[in-house]
Amino acid sequence: MDASWIKPVSCQPVGENAADLLVASCLAAAAAGDLSAYFDLGVAYSTGSHGAPIDLIEAHKWFNLAAVSGYEDAAQCRADVADEMTAREIAEAQRRAREWLRTGIRKAA
């Protein structure tokens, strides 16, 4: 995967549990509708940045959510991640994205 599109993650907590704090702070921002947090989570999971584990299913999920929400670079990032995944992994990522949207819609209602 060409990493030239990767931007620095803007959710940057400090401390020994930086990965957990990064994910928690970005999840909170994503739940509040921050599109850049979707993208930042995709970057963190696709690269293992800031101590986050590399998890292509989660990366695809977050890039997908960012792309469908209008984040311009996310569709290309999602495609790059998908090139390294099986069809079953992509299906799981899509299921998780749909679940996130369902949960978010229920909270907003």
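The values are calculated or read from the model by the stated rules, or taken from the named source; none is laboratory data. All figures in this text were calculated on a predicted structure; none of them were measured in a lab. Cβ placement follows ideal geometry from the backbone for every residue including glycine, while neighbour counts extend to all protein chains displayed.
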Review point. Does residue 79 qualify as being of a type in the set (A, V, I, L, M), assigned to a helix (DSSP H, G or I), exposed (fewer than 15 other Cβ atoms within 10 Å of the Cβ) and modelled with pLDDT of 90 or more?
Key: yes
Check your understanding: Would you call residue 2 modelled with pLDDT under 85 and either closer than 14 Å to residue 82 by Cα or among the acidic types (Asp, Glu) (or both)?
Key -> yes
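Identify, from the list 71, 45, the residue that is of a type in the set (Phe, Trp, Tyr), under 13 Å from the mean Cα position of the chain (by Cα) and in a helix (DSSP H, G or I).
Details: 71 fails: in a helix (DSSP H, G or I).
Selected residue: 45, the only one of 71, 45 that is of a type in the set (Phe, Trp, Tyr), under 13 Å from the mean Cα position of the chain (by Cα) and in a helix (DSSP H, G or I).
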Exercise for review: Scan segment 27-42 for residues that are at pLDDT 85 or above, outside any helix (DSSP H, G or I) and not charged (D, E, K, R) and jot them down.
Suggested key: 32
**Study point:** Residue list for segment 5-26, filter: at pLDDT below 85 and surrounded by 16 or more Cβ atoms within 10 Å (Cβ to Cβ)
**Key:** 6, 9, 11, 19, 21, 22, 23
Exercise for review: Please work out which residue is surrounded by the fewest Cβ atoms within 10 Å (Cβ to Cβ), limiting yourself to segment 48-58 and to residues that are in a loop (DSSP other than H, G, I, E, B) and in contact (Cβ under 8 Å) with a residue 24 or more places away in the chain.
Suggested key: 53
**Study point:** Number of the exception - residue 84 against (1) in a helix (DSSP H, G or I); (2) modelled with pLDDT of 90 or more
**Key:** (1)
Point to revise | All positions within segment 65-76 that are of a type in the set (D, E, K, R) and either crowded, with 23+ Cβ neighbours inside 10 Å or touching a residue at least 60 places away in the same chain (Cβ under 8 Å) (or both) | key: 73
